[in-house]
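First comes the structure, then the notes that go with it.
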Amino acid sequence: MITLNFYIETKPKTVLQDQPIYLHVTRLVKNKLYRINTRERVNPKHWNPKTQRAKASSAGAFELNERLDGIKKHITELYRNMVNDNTAITPDEFITAVKNYFDPQPDKSLFDYIDTYIQTQRTQIKPQTIKKFQVLKSHLQRFEIKIRKPISFFSIDVLFIEKFLQYLIEDRGLINNSAHKLIGIFKIFLNWATDRNLNTKLDYKRFRRKKSMAETEIIHLTREELELMFGADLSGNKKLSNVRDTFCFACFTGARYSDVSQIKAEDIKGDAWYCRTIKTETLIEIPLNDYALEILDRHKGERKPLPSISNQKMNVYIKELCKILGFDEPIKTVRYRGAERIETTKPKYENIGTHTARRTFVTLSLEQGMRPETLMKITGHTDFKMLKKYINLTDKVKKSEMKKAWFREPRLKVYNNEL
């Protein structure tokens, strides 16, 4: 294990002015001392060489000693992380990482590194994900203007993230969920930079999201609404007929719209769809029920198994269709911006989008008795926590389940027969 000590110059001609505090790293390599400037300074008469800290009686001693404690803790954690990492690390690489902690590379800004991340990850992440990092960069640039000082890896700690989160909510008007998603994107970038020794300050890892004040409402179609849509006579409107078939196919298979829109004839074998998901790139065998097979049969002989409609247009057209079908039940949604409760009520059709189909499949399948483990095999969810957010059991089903679980046997009447 390495040894870390703090020292200052104490030559006679230097005792009257503040001196730099150096970090001495030993036992990294036998008989070798590494001397690194911490960028902290102290007057020698206020320095205690035995404790290697500022004297408690001197002005600013508490804050300086806290920073020195933080430096020692960080360098120790950095060493442990590198030792525990599967990748071999040389002493010189470790010392370079330590120096970068005190002197972040001046030739590149944080925003340059975000650009580097986007450029190097283009073949690994999807265009919509790249856009999220571009949005993050834009918000950080505006935040830098607001705080009037450059943002670097060295400046990012829990307090910085808390202030940035507050800025996103109060200044940019984001609701809590959207702001926290951006923080999640930010941490993905910081993890990438840390893995490549571009960032050596690990304080950001201690930031934890507080539990949401309200769960996101899960909007889905009822079985009656789905049956009505499936059987509606749309022969006079080819556009909405195609929209209905594509949307209903997603409702009856539980697939994401990104996968439904890319379905190919060769993926369908008998009564199963072998779907290579775009999001996770895993191969899932999705059994095709009678409803899904009938939809495919409607488009038999066409160039593609299903009509091709962009996600953006689909979200517009499905609302139009649901409005025509009378799905206008008032739906109340609650969001939070900071502590502010934002409540809105809109007709149901305005809340319907492409992802409603997947939620509909999960909810109705559970209501109709499909086992969660079977459902997860079809949807591709890897654990129940991921599946749970789609579940929205109706009041009718909850009442039915309660009666089923707590059914009371009728009591037999006892008659007193006199002999």
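List every residue pair whose Cβ atoms lie under 6 Å apart, where the two residues are 6 or more positions apart in sequence or sit on different chains, the first residue falls within the stretch 147-174 and is not assigned by TED's automatic domain parsing to the domain that holds Val98, and the second residue, located anywhere, is of a type in the set (Asp, Glu).
From residues that are not assigned by TED's automatic domain parsing to the domain that holds Val98, the pairs are Ile151/Glu144; Asp157/Asp203; Val158/Asp203.
Residue under question is Ile219, and the condition is that it be within 28 Å of Leu364 (Cβ to Cβ), surrounded by 14 or more Cβ atoms within 10 Å (Cβ to Cβ) and modelled with pLDDT under 95; does it hold?
yes
So for the stretch 21-40 (the condition being more than 20 Å from Thr76 (Cβ to Cβ) and part of a strand (DSSP E or B)), does at least one residue qualify?
no
From the set of residues in the stretch 49-64 that are part of a helix (DSSP H, G or I) and crowded, with 17+ Cβ neighbours inside 10 Å, which is nearest to the chain's Cα centre (by Cα)?
The qualifying residue nearest to the chain's Cα centre (by Cα) is Leu64.
Take the conditions closer than 30 Å to Tyr167 by Cα and either modelled with pLDDT of 90 or more or of a type in the set (A, V, I, L, M, F, W, C) (or both) and apply them to Lys346. Does it pass?
Yes: the conditions hold for Lys346.
Please go through the stretch 220-234 and give me each residue that is in a loop (DSSP other than H, G, I, E, B) and in contact with a helix residue (DSSP H, G or I) (Cβ under 7 Å, 6 or more places away or on another chain), ordered by number.
Hits for the stretch 220-234 are His220, Leu221, Ala232, Leu234.
Quick one: what pairs do we get from the stretch 24-36, first residue assigned by TED's automatic domain parsing to the domain that holds Phe94 and without any contact (Cβ under 8 Å) to a residue 40 or more places away in the chain, second loosely packed, with under 14 Cβ neighbours inside 10 Å and charged (D, E, K, R), C-beta under 6 Å, 6+ apart or different chains?
His24/Arg35
Would you be able to say whether some residue in the stretch 351-358 is modelled with pLDDT under 90, in the same structural domain as Leu288 (by TED's automatic domain parsing) and not in a strand (DSSP E or B)?
no
Counting only residues that are at pLDDT below 90 and in contact with a helix residue (DSSP H, G or I) (Cβ under 8 Å, 6 or more places away or on another chain), which one in the stretch 330-343 is farthest from Val243 (Cα to Cα)?
So the residue we want is Gly338.
Please specify each residue of the stretch 323-337 satisfying the condition of being in contact (Cβ under 8 Å) with a residue 60 or more places away in the chain and either in a helix (DSSP H, G or I) or surrounded by 14 or more Cβ atoms within 10 Å (Cβ to Cβ) (or both).
Answer for the stretch 323-337, where residues must be in contact (Cβ under 8 Å) with a residue 60 or more places away in the chain and either in a helix (DSSP H, G or I) or surrounded by 14 or more Cβ atoms within 10 Å (Cβ to Cβ) (or both): Ile324, Leu325, Phe327, Ile331, Thr333, Arg335, Tyr336, Arg337.
Every residue, every condition in (1) more than 40 Å from the chain's Cα centre (by Cα); (2) loosely packed, with under 14 Cβ neighbours inside 10 Å; (3) farther than 30 Å from Val83 by Cα; (4) at pLDDT 90 or above, yes or no:
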residue: Pro12; (1), (2), (3), (4): yes, yes, yes, no
residue: Ile21; (1), (2), (3), (4): yes, no, no, yes
residue: Asn31; (1), (2), (3), (4): yes, yes, no, no
residue: Val42; (1), (2), (3), (4): yes, no, yes, yes
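Checking the conditions here, which among Thr345, Thr280, Thr363 is among the hydroxyl-bearing types (Ser, Thr, Tyr) and in contact with a Pro (Cβ under 9 Å, 6 or more places away or on another chain)?
Exactly one of Thr345, Thr280, Thr363 is among the hydroxyl-bearing types (Ser, Thr, Tyr) and in contact with a Pro (Cβ under 9 Å, 6 or more places away or on another chain), namely Thr345.
Checking Asn84 against (1) crowded, with 16+ Cβ neighbours inside 10 Å; (2) modelled with pLDDT under 90; (3) under 19 Å from Val98 (Cα atoms), which test does it fail?
(1)
Kindly indicate the residue of the stretch 235-266 that is surrounded by 14 or more Cβ atoms within 10 Å (Cβ to Cβ) and either free of Cβ contacts under 8 Å to residues at least 24 places away in the same chain or not assigned by TED's automatic domain parsing to the domain that holds Leu364 (or both) and also nearest to the chain's Cα centre (by Cα) among those meeting that condition.
Result: Asp259.
Take Asp259 and decide whether it is acidic (Asp, Glu), within 22 Å of Leu387 (Cα to Cα) and not in a loop (DSSP other than H, G, I, E, B).
yes
The values are calculated or read from the model by the stated rules, or taken from the named source; none is laboratory data. Model, not experiment: these values are computed from the prediction. Quick reminder, even Gly has a Cβ in these numbers, built from the backbone with ideal geometry, and neighbours come from all protein chains shown.
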